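The block underneath contains the structure these notes are about, expressed in structure tokens.
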Amino acid sequence: MTVQGRTLDFSRRRPGVATVGGVAVYRLQLAIGGTGLAAAAGALGLGVSAVRVAPADAHRLSVGGLRFTYPALNVAAGVLLAFAALGAAVLVVIARATIRHLRAHHRLVGALPVVGAHRDATVIEAREPLAFCAGWLRPRIFVSRAAVERLSEAELEAVLAHERHHRARRDPLRLAVGRILSHALFFLPVLRPLQARHGDVAELRADAAAVDAVAAAPLASALLMLGATGDGVVGVSPERVDQLLGQAPAWRPPWLLLALTFATLAGLVALLWRVSGSASIAATLSISSQPCVLVLALVPVVAALAGCIYDKT
């Protein structure tokens with residue numbers, strides 16, 4: 001049996017299937033993402049709390065007989081407002097991305113042509129052999145009628161065992177959370193490679209569960225059928241082939257990006273702590289002049305618009 005140009009020989013006993021750092025990668029991803037979110041929310045909160053209504057301290061300007069006021073702020077306050085705008089943009093992107101993912105999932109599940117059930121899987125009408133797990137809190141397994149008809153009993157059981165593992169660990173939810181965090185916290189460069197690694201490990205762990213439940217040979221032959229494209233190319237990653245052969249997949253953590261990310265977080269927290277003590281933003285709510293609080297209100301509005309534009313790209 002050949003996958004990715006390599007011959008898979010299961011005639012001899014192979015070492016146990018190994019996976020690399022699945023839980024550690026996900027926890028690290030959540031820890032970094034959670035810290036970044038806390039910093040963004042903290043920056044927004046500090047920016048809002050630094051504003052004080054002090055009409056006497058606000059700047060005034062007269063243009064064409066009209067009196068205007070605008071906030072009086074020092075350098076520390078300007079830096080704090082910039083971070084507050086970044087925090088507002090991050091929170092807007094996360095909210096929009098979450099809503100978009102939920103809507104996309106509902107559209108996907110609602111559009112699937114369900115034709116029945118096979119064991120604990122939902123059967124859909126499709127010409128290609130397909131199998132996937134979808135859903136966040138209560139994920140479901142979907143297989144196409146073509147997969148049920150073309151796969152042997154052992155191959156189908158291996159595929160279902162693979163998807164059951166995804167369902168048991170709620171991998172669709174985990175992967176969605178990782179995608180949202182890596183998209184919103186773009187200034188933390190390590191999140192994207194960690195997200196990619198988490199996706200790879202999720203497949204490796206599911207393959208390992210299928211091998212434990214059935215065997216490596218039925219899973220490999222099922223992958224040949226499920227991963228084949230119209231051009232005869234099989235889309236199975238080399239890591240999954242290595243694992244099926246009993247070889248532990250090798251992965252090197254992105255140490256440079258990790259160091260850069262930790263330095264970014266540490267610098268962000270330190271700078272926020274430093275400027276929050278000396279930031280001063282004085283505004284007025286005086287009705288007799290143009291309220292300069294409106295100028296401050298434009299900061300989160302502009303940040304929200306920037307977040308919406310970034311989320312669409």
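Details
- A single member of VAL159, VAL90 is surrounded by 20 or more Cβ atoms within 10 Å (Cβ to Cβ) and over 21 Å from the mean Cα position of the chain (by Cα), and it is VAL159.
- Taking each residue of the stretch 78-105 that is of a type in the set (Ser, Thr, Tyr) and in a helix (DSSP H, G or I) and looking for partners that are modelled with pLDDT of 85 or more and surrounded by fewer than 19 Cβ atoms within 10 Å (Cβ to Cβ) with beta-carbon atoms closer than 9 Å, six or more apart or interchain, yields THR98/ALA176.
The values are calculated or read from the model by the stated rules, or taken from the named source; none is laboratory data. These numbers were taken from a predicted model, which means no experiment stands behind them. Methodologically, a virtual Cβ is constructed for each residue, glycine included, from the backbone with ideal geometry; neighbour enumeration extends over all protein chains shown.
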